[in-house]
């Protein structure tokens, strides 16, 4: 049944619930805007909720907290900033496919949730693809996609690889999602992306 399946996208303000991350994001965006000769934008990171008959999964990239990852549905991990420091927990990230999980600070999400599909086959495909996501260093462009890899790259990679349409996906008005185009570029390499997925270059610009 269609009611048993859904893929919903959430836009969360960068640093929601954490003042230091939000401040760092504002500094980053102020510098980026100055270099690009444009006005600063609000920054967002994205997450997915995928509903299938057995329950609802949260898909998100986050810092690694203390404790084991099995209860959070962790499927892959990667380094933050530098591979040399990646052996330390505070310099690693995790990708979650968490059955029954919650998106932290979801109450602060803006213009969300955005329903991407109610097709059960696509919903299942999104879940199946999570363990295959690339795990380059967070905050760097190791894959030479033209932009840093981060949580938005994870979500856009899944959107493209699962065959969801990109053209209608935009961050909230006045916002920007750094890393989104990186995930698209990597997903489309070597003919990986389904032929009917496409994005307008302006979807994530202010």
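Summarising the overall dimensions of segment 38-158 from its C-alpha atoms, the Rg and Dmax are 14.9, 46 angstrom. Here the alpha carbons of segment 59-124 define both size measures, Rg and Dmax, at 14.5, 42 Å. Cα convex hull, segment 100-158: 134 Å³ per residue, rounded to a whole number.
Every number here is computed from the coordinates shown, using simple stated rules; none is lab data. Just so it is clear, the structure is predicted and the values come from calculations on it, not from any experiment.
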